[in-house]
Amino acid sequence: MGKKEAGKTWNVGIDVSAKELVVATISAEQAMSVTSWSNCGAGHEKLIQYLRALRGQVRVCLEASGNYSLDIALALSRAGAWLHVSVVNPRCARRFAESLGKRSKTDPVDAQVLAEYAARMPLEPWSAPSANALKLRALTRTIAALVRMCTQHKNRQHALEVSEALPAMLVSELARQQGYTEKRIARLRRQAVCLVEKDAQLAPRYRHLLTIPGVGEATALAVLAEVAVLPDTLDERQWVAYSGLDPRHHVSGSSVEQKPRISKAGNRQLRAALYMSALVAVQHDPALRGFYQRLVGRGKPKLVAIVAVMRKLLHAAWGMFRHDQDYDGGRLCPQL
């Protein structure tokens with residue numbers, strides 16, 4: 001490989017769907033080409049061979065689209081140092097497309113937008129999480145889906161019980177479904193705890209989370225599962241941005257000034273877990289309860305105060321993991 005050829009940089013965007021990978025490539029001469037492969041193991045190998053044949057540094061950008069993008073991101077991260085992989089927030093990619101004037105949304109257009117994103121924007125390198133972290137996240141998200149199903153069963157059961165026009169047998173049928181779902185939740189939760197306790201990194205972090213007053217097994221598992229996949233290089237502010245709890249300000253000139261809101265451009269599962277943690281923590285932890293009451297006393301709406309507690313809990317988790325220490329409410333919320 002010649003020096004000139006080795007110095008080339010290729011920018012690649014990959015639009016990921018359940019069955020297909022649409023790949024847009026921008027050459028060093030700014031020429032665009034689009035091709036596609038199937039989203040399976042064989043397709044991943046063909047894509048890596050195609051990227052290797054480009055001969056040079058390759059910058060790949062794809063959206064975080066759940067399980068569909070996970071396998072290809074893992075395959076690309078193992079390809080070698082010549083390949084730089086970045087997994088971007090879909091909302092950021094959509095806003096970038098709008099800035100380019102892209103009104104259509106098709107797979108080839110999305111791939112081209114991601115290639116342009118790779119060419120023009122600074123890319124954060126994606127680090128592959130550990131296998132146990134990925135398994136834990138899959139378990140806790142399945143548990144969360146089953147818990148929502150249980151809530152739906154309870155609501156339907158209540159509606160059936162108060163209705164005289166519907167058959168009574170449906171109440172017992174829903175009760176059986178409810179019992180079966182609860183057993184599945186308990187079984188998966190035991191598996192998640194067993195997985196955590198056998199992992200040298202996850203186990204101490206799980207025990208640290210349990211030292212937060214009011215945080216039990218279910219909440220600790222849910223929070224741990226979502227942050228365990230993050231690289232260790234992120235600081236606490238980046239954790240907050242990842243969760244979508246970072247404030248978004250809207251001020252323009254002297255006439256437009258809206259109330260700040262959280263961006264929600266992040267992990268909704270982590271926000272849900274932190275919300276439940278915050279509701280319980282303000283009841284059981286004197287430090288966080290005092291912090292919450294001081295905010296409400298200054299005129300903050302209760303929901304805004306709860307969101308502030310959620311951010312505090314995320315900062316606490318980051319600090320406990322980084323310094324391998326149990327929870328200390330006095331350090332988290334010092335009295336002013």
*Lone unmet requirement of (1) farther than 19 Å from residue 129 by Cβ; (2) of a type in the set (Val, Ile, Thr); (3) in contact with a Leu (Cβ under 9 Å, 6 or more places away or on another chain) for residue 109*: (3)
*Can you tell me which residues in the stretch 172-210 are assigned to a helix (DSSP H, G or I) and among the polar types (S, T, N, Q)?*
172, 177, 178, 181, 191
*If you scan the stretch 120-136, which residues turn out to be farther than 27 Å from residue 8 by Cβ and either among the polar types (S, T, N, Q) or in a loop (DSSP other than H, G, I, E, B) (or both)?*
129, 130, 132
*Find all pairs meeting these conditions: Cβ atoms under 8 angstrom apart; at least six residues apart or on different chains; first residue within the stretch 223-237 and more than 22 Å from residue 67 (Cα to Cα) and surrounded by fewer than 22 Cβ atoms within 10 Å (Cβ to Cβ); second residue at pLDDT 90 or above and aromatic (Phe, Trp, Tyr).*
235/318; 236/318
*In the stretch 211-244, what residues are acidic (Asp, Glu), touching a Phe, Trp or Tyr at 6+ places or on another chain (Cβ under 8 Å) and not in a helix (DSSP H, G or I)?*
235
*Report yes if residue 149 is more than 31 Å from the chain's Cα centre (by Cα), farther than 29 Å from residue 87 by Cα and modelled with pLDDT under 95, otherwise no.*
no
_Is it the case, given these coordinates, that residue 149 is among the aliphatic types (A, V, I, L, M), within 25 Å of residue 270 (Cα to Cα) and not assigned by TED's automatic domain parsing to the domain that holds residue 27?_
yes
*Residue check, residue 327 against (1) touching a residue at least 40 places away in the same chain (Cβ under 8 Å); (2) in a helix (DSSP H, G or I), all met but one. Which one?*
(2)
*Restricting attention to the stretch 40-60, does a residue exist that is closer than 20 Å to residue 244 by Cβ and either in contact (Cβ under 8 Å) with a residue 60 or more places away in the chain or in the same structural domain as residue 263 (by TED's automatic domain parsing) (or both)?*
no
_Let me spell it out: the conditions are (1) of a type in the set (Asp, Glu); (2) within 30 Å of residue 190 (Cα to Cα); (3) touching a Pro at 6+ places or on another chain (Cβ under 7 Å), and residue 71 meets all of them except one. Which number is the exception?_
(3)
*Is there a residue in the stretch 151-172 that is touching a residue at least 24 places away in the same chain (Cβ under 8 Å) and over 23 Å from residue 71 (Cβ atoms)?*
yes
*Out of all the residues in the stretch 55-75, is one or more among the charged types (D, E, K, R), buried (at least 20 other Cβ atoms within 10 Å of the Cβ) and within 23 Å of residue 225 (Cβ to Cβ)?*
yes
_Boolean, residue 182 is over 27 Å from residue 264 (Cα atoms) and at pLDDT 85 or above_ = yes
_Take residue 56 and tell me if it is in contact with a Lys or Arg (Cβ under 7 Å, 6 or more places away or on another chain) and at pLDDT below 90._
yes
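The values are calculated or read from the model by the stated rules, or taken from the named source; none is laboratory data. Nothing here was measured: the structure is a model prediction, and the numbers come from that model. Every residue, glycine as well, gets a Cβ built from its backbone with ideal geometry; the counts of neighbours run over all protein chains shown.
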